[in-house]
Amino acid sequence: MNQKIEEILAAISELRANTEKEIEELRIKYLGKKGEVTALFEEFRNVLPEQKREFGQKLNVLKNAVQSKIESLKENIAETGAAKTSCDLTKPGDRMDLGTRHPISITREEIISIFHKFGYTVAEGPEIEDDWHVFGALNFPPEHPARDMQDTFFIHASDNPVLLRTHTSSVQVRAMEKMDLPIRVLCPGRVFRNEAISARAHCIFHQVEGLYIDKGVSFADLKQAVLLFAREMFGEDTEIRLRPSYFPFTEPSAEVDVSCNICKGKGCNICKGTGWLEIMGCGMVDPNVLEASGIDSKVYSGFAFGMGIERIAMLKWQVKDLRHYFENDVRFLRQFETVI
Ligand code: PHE
């Protein structure tokens, strides 16, 4: 009998069951009417009185062991059963939607990296500005229409107005005030103009402006910088053309066109049949502007240029409506997933 008890104890520690039915079968095998443990209890009647105490204890231990084993098998099944309904570990994971860089950021980085090769560093400045940095230091006469309420968003209009910058030329002024000469600086940033929103204009847009000031900088240097930029940005066979223009802060001033990269100059609906696309304004920094920032205009000269990032991005990817860049429809943005 002792041996039988040991055998059963060893056997139950090995028991496994996957279903409730299997567990029930095991219960019957050991604890049922004809079960092995029940049989031992029958045998117990014939045990000699002096051995009853010892065997009685052993049998109780055995019975408890079998019962608790069966309980724990039941718990196991309940747990794995519950797990099965809430989570299937073999199922493939949910796809994580990766964000993409915004086309305006992509274009801004591309412009910066081109000028980086020419030795330009990047400077940033405040979007909320004073009149001096946006207009005064840039040679805007007091009655200039750009200062008007129609163009500029004023936060606070007074003798010393606070306004949203209408161009990043304000950062160039700050660069001239602070940086050591010679200066080669790019000023990317968000600008604000009180314009009606349409396919071609927005009240918020982005610019990259550049400034180069050194001894003996000439218009030829400006033309060369613009040509190299245009070829890196729009392709090696791109041509440029400069048209006379006017900005208060540059003299002479020009508007830069690049040959249309769609029709290769033949004329198409993107270039409106002209073969040319306007990309930026530029010019030689007006001596008044240098002097306003404390730079000796008899020793130093420089050029400046400025372009709208949205416009460059529209030309590069033939986007016909500027508003796409602001609406952030993911169907539009996803198209730039493969650009970088
Ligand atoms: N600041 C001008 C604008 O916003 C662009 C420009 C910059 C033109 C530098 C010439 C020189 O339109």
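The values are calculated or read from the model by the stated rules, or taken from the named source; none is laboratory data. Everything numeric in this text was worked out from a predicted model, so none of it was measured. Here the Cβ is made from the backbone with ideal geometry for all residues, glycine too, and neighbour counts use every protein chain on show.
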(request) Hey, can you tell me all the residues within region 317-326 that are closer than 16 Å to Ala196 by Cα and among the charged types (D, E, K, R)? (result) Asp321, Arg323
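Considering only region 195-211, I want to know if a residue exists there that is among the aromatic types (Phe, Trp, Tyr), within 16 Å of the ligand (Cβ to nearest atom), surrounded by 20 or more Cβ atoms within 10 Å (Cβ to Cβ) and in contact (Cβ under 8 Å) with a residue 24 or more places away in the chain.
Applying the first criterion (among the aromatic types (Phe, Trp, Tyr)) to region 195-211 yields 205.
Applying the additional criterion that residues be within 16 Å of the ligand (Cβ to nearest atom) yields 205.
Then drop every residue that is not surrounded by 20 or more Cβ atoms within 10 Å (Cβ to Cβ), which leaves none.
Scanning region 195-211, I find no residue that is among the aromatic types (Phe, Trp, Tyr), within 16 Å of the ligand (Cβ to nearest atom), surrounded by 20 or more Cβ atoms within 10 Å (Cβ to Cβ) and in contact (Cβ under 8 Å) with a residue 24 or more places away in the chain, so the answer is no.
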(request) Within region 291-325, track down each residue that is in a helix (DSSP H, G or I), crowded, with 21+ Cβ neighbours inside 10 Å and within 14 Å of the ligand (Cβ to nearest atom). (result) Ile309, Glu310, Ile312
(request) Tally the residues that are modelled with pLDDT of 85 or more and among the acidic types (Asp, Glu), restricting the search to region 95-121. (result) 2
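With respect to Gly265, is the statement that it is on the phi > 0 side of the Ramachandran plot and buried (at least 17 other Cβ atoms within 10 Å of the Cβ) true? Can you show your working first?
Values: on the phi > 0 side of the Ramachandran plot: yes; buried (at least 17 other Cβ atoms within 10 Å of the Cβ): yes.
Yes, satisfied.
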(message) Filter region 151-174 down to the residues that are farther than 15 Å from Gly189 by Cβ and either in contact with a Lys or Arg (Cβ under 7 Å, 6 or more places away or on another chain) or outside the structural domain of Phe305 (by TED's automatic domain parsing) (or both) and list them by number.
(response) Asp151
(message) So Arg184 ticks every box in (1) away from the ligand (no atom under 13 Å from the Cβ); (2) in a loop (DSSP other than H, G, I, E, B) but one. Which box is left unticked?
(response) (2)
(request) Just give me the residues in region 215-260 being of a type in the set (D, E, K, R), more than 12 Å from the ligand (Cβ to nearest atom) and either touching a Leu at 6+ places or on another chain (Cβ under 8 Å) or closer than 23 Å to Tyr300 by Cβ (or both), in sequence order. (result) Lys215, Asp221, Lys223, Asp257
(message) Considering only region 269-276, I want to know if a residue exists there that is at pLDDT below 95, small (Gly, Ala, Ser), under 24 Å from Lys316 (Cα atoms) and surrounded by 15 or more Cβ atoms within 10 Å (Cβ to Cβ).
(response) yes
(request) Filter region 215-238 for residues that are surrounded by 15 or more Cβ atoms within 10 Å (Cβ to Cβ) and touching a residue at least 24 places away in the same chain (Cβ under 8 Å) and give the result. (result) Val217, Phe219, Asp221, Leu222, Ala225, Val226, Leu228, Phe229, Ala230, Glu232, Met233, Phe234
(message) Checking Phe249 against (1) modelled with pLDDT of 95 or more; (2) aromatic (Phe, Trp, Tyr); (3) under 25 Å from Lys117 (Cα atoms), only one condition comes out false. Which one?
(response) (3)
(message) Condition first: under 21 Å from Ile295 (Cα atoms) and either among the acidic types (Asp, Glu) or not assigned by TED's automatic domain parsing to the domain that holds Glu177 (or both). Now tell me which residues in region 108-129 satisfy that.
(response) Glu124
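Any residue that is within 33 Å of the chain's Cα centre (by Cα), part of a helix (DSSP H, G or I), within 28 Å of Ser259 (Cβ to Cβ) and small (Gly, Ala, Ser) - is there at least one of those in region 222-232? Steps first, please.
From region 222-232, those within 33 Å of the chain's Cα centre (by Cα) are 225-232; that's our starting set.
Still in the list and also part of a helix (DSSP H, G or I): 225-232.
Filter once more, keeping what is within 28 Å of Ser259 (Cβ to Cβ): 225-232.
The next check asks that each one be small (Gly, Ala, Ser); those that pass are 225, 230.
Yes, that holds for at least one residue.
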